[in-house]
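The values are calculated or read from the model by the stated rules, or taken from the named source; none is laboratory data. Remember, it's a predicted structure, so these values are computed and weren't measured experimentally. Every residue, glycine among them, receives a Cβ derived from its backbone with ideal geometry; neighbour counts consider all protein chains shown.
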Ligand SMILES: [Zn+2]
């Protein structure tokens with residue numbers, strides 16, 4: 001088996017689930033005026049913190065919302081968001097990544113904390129984050145670090161009008177459309193696919209296309225049945241008219257959809273480490289990445305949330321082992337990530 005090396009382009013990388021935060025977690029808490037949860041008392045060193053963080057996310061007694069609030073609760077003011085953006089670029093550059101599109105959903109960063117004078121607007125949250133990203137990129141100029149602004153799909157819940165609905169989502173699209181387009185490279189759709197399938201977001205995506213914003217959506221990851229997973233992938237492609245898909249776990253079962261995506265240059269990011277972690281698959285071969293390759297689908301590998309899941313090199317290694325990829329397939333896997341990125345601010349060779 002060839003030795004895998006050099007995955008250096010990420011575009012399915014949730015900033016609030018990234019390992020890049022690990023060494024800054026205690027600082028986020030200090031800057032927010034909050035105490036860390038009891039689970040994190042008296043941390044000995046970074047290894048100990050990593051161990052406890054992994055245990056926190058794996059603990060079935062802590063609900064999913066609380067788990068993610070470990071970080072989002074303390075990313076609510078300009079100082080923490082600046083540090084958050086800076087850390088992301090610093091650590092990814094240190095890992096020799098040359099291109100990153102970090103996913104960031106501003107709607108979860110408008111709650112305020114003990115140190116903030118006022119709650120941030122979504123636009124202010126994005127500005128603070130971007131300032132940190134830009135500052136770090138000046139220090140690490142080999143990397144091109146951009147941000148994919150995500151919309152949490154529950155925003156359209158008809159039972160929770162206070163969450164803002166389509167109008168709030170459109171304002172998030174406007175942040176990208178009216179912002180620094182060379183760094184804010186597009187929008188994504190994230191979170192609970194089971195309760196809020198993609199047909200609920202057509203108006204938002206139509207608006208994004210009207211405004212000339214590139215689009216990505218998580219789909220085909222988590223649904224009530226394989227049939228619904230398949231339907232969600234087709235809806236994302238044909239109704240949301242996405243430029244790139246995230247997950248699409250069962251894509252190999254739909255050769256027509258594969259052909260459409262190849263013909264229309266719609267790539268796919270796959271996060272096998274995440275599906276193994278969540279128990280959605282038992283074996284990486286279930287993804288039939290080799291079939292996707294044969295059909296010419298531009299599929300690439302990404303970490304999803306490497307703060308507590310496998311890092312990208314482990315994911316890559318596991319895939320190479322599962323499929324016994326050839327050198328050519330490995331090169332293609334690398335190239336696909338580059339070919340399906342949204343940003344294009346620096347010159348890269350790949
Ligand atoms: Zn994801």
### Query
Out of 79, 13, which single residue is at pLDDT 95 or above, outside any helix (DSSP H, G or I) and either farther than 19 Å from residue 150 by Cα or within 16 Å of the ligand (Cβ to nearest atom) (or both)?
13
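Looking at region 275-297, can you tell me whether even one residue there is without any contact (Cβ under 8 Å) to a residue 60 or more places away in the chain, within 21 Å of residue 147 (Cα to Cα) and surrounded by fewer than 23 Cβ atoms within 10 Å (Cβ to Cβ)?
Within region 275-297, the first condition is being without any contact (Cβ under 8 Å) to a residue 60 or more places away in the chain, and the residues that meet it are 275-297.
Filter again for within 21 Å of residue 147 (Cα to Cα), leaving none.
No: region 275-297 contains no residue that is without any contact (Cβ under 8 Å) to a residue 60 or more places away in the chain, within 21 Å of residue 147 (Cα to Cα) and surrounded by fewer than 23 Cβ atoms within 10 Å (Cβ to Cβ).
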### Task
Could you list, in sequence order, all residues of region 209-224 that are touching a residue at least 60 places away in the same chain (Cβ under 8 Å) and either more than 14 Å from residue 236 (Cα to Cα) or more than 16 Å from the ligand (Cβ to nearest atom) (or both)?
214
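How many residues are assigned to a helix (DSSP H, G or I) and in contact with a strand residue (DSSP E or B) (Cβ under 6 Å, 6 or more places away or on another chain) when one looks only at region 130-166?
3
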### Task
Identify the single condition in (1) within 21 Å of the chain's Cα centre (by Cα); (2) closer than 22 Å to residue 219 by Cα that residue 165 does not satisfy, given that it satisfies every other one.
(1)
### Matching residues, region 144-162, being more than 11 Å from residue 204 (Cβ to Cβ), over 18 Å from the mean Cα position of the chain (by Cα) and buried (at least 16 other Cβ atoms within 10 Å of the Cβ)
157
### Task
Give the residues of region 225-241 that are free of Cβ contacts under 8 Å to residues at least 24 places away in the same chain and within 16 Å of the ligand (Cβ to nearest atom), sorted by residue number.
229
#### Entry: Leading residue by the ranking (nearest to residue 281 (Cα to Cα)) among those in region 178-194 that are away from the ligand (no atom under 16 Å from the Cβ) and surrounded by fewer than 22 Cβ atoms within 10 Å (Cβ to Cβ)
183
### Task
Output the residues belonging to region 312-329 that are assigned to a loop (DSSP other than H, G, I, E, B) and under 11 Å from residue 289 (Cβ atoms).
325
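Can you name the residue in region 242-256 that is in a helix (DSSP H, G or I) and more than 16 Å from the ligand (Cβ to nearest atom) and, of all such residues, is surrounded by the fewest Cβ atoms within 10 Å (Cβ to Cβ)? Walk me through how you get there before you give the answer.
From region 242-256, those in a helix (DSSP H, G or I) are 251-253, 255-256; that's our starting set.
Okay, now just the ones that are also more than 16 Å from the ligand (Cβ to nearest atom), so 252-253, 255-256.
Values: 252: 21, 253: 14, 255: 11, 256: 8.
Ranking the qualifying residues of region 242-256, first place goes to 256.
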### Message
If I go through region 280-306 residue by residue, how many of them are part of a loop (DSSP other than H, G, I, E, B) and within 16 Å of the ligand (Cβ to nearest atom)?
### Response
6
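Could you please let me know if residue 313 is within 14 Å of the ligand (Cβ to nearest atom) and either crowded, with 22+ Cβ neighbours inside 10 Å or farther than 24 Å from residue 213 by Cβ (or both)? Talk me through it step by step, then tell me what you get.
Details: within 14 Å of the ligand (Cβ to nearest atom): no; either crowded, with 22+ Cβ neighbours inside 10 Å or farther than 24 Å from residue 213 by Cβ (or both): yes.
In short, no.
Evaluate the following for residue 102: is it within 16 Å of the ligand (Cβ to nearest atom) and either touching a residue at least 12 places away in the same chain (Cβ under 8 Å) or surrounded by fewer than 20 Cβ atoms within 10 Å (Cβ to Cβ) (or both)?
On the way: within 16 Å of the ligand (Cβ to nearest atom): yes; either touching a residue at least 12 places away in the same chain (Cβ under 8 Å) or surrounded by fewer than 20 Cβ atoms within 10 Å (Cβ to Cβ) (or both): yes.
Taking the combined requirement at face value, the residue satisfies it.
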### Query
Out of region 261-279, which residues are away from the ligand (no atom under 12 Å from the Cβ) and either farther than 19 Å from residue 222 by Cβ or assigned to a loop (DSSP other than H, G, I, E, B) (or both)?
261, 262, 263, 264, 265, 266, 267, 279
### Message
Restricting to region 167-208, name every residue that is in a helix (DSSP H, G or I), over 18 Å from residue 235 (Cα atoms) and without any contact (Cβ under 8 Å) to a residue 40 or more places away in the chain.
### Response
167, 169, 170, 174, 176, 177
### Message
Need the failing condition index for residue 7 against (1) part of a helix (DSSP H, G or I); (2) more than 16 Å from the ligand (Cβ to nearest atom); (3) closer than 20 Å to residue 269 by Cβ, just the number.
### Response
(1)
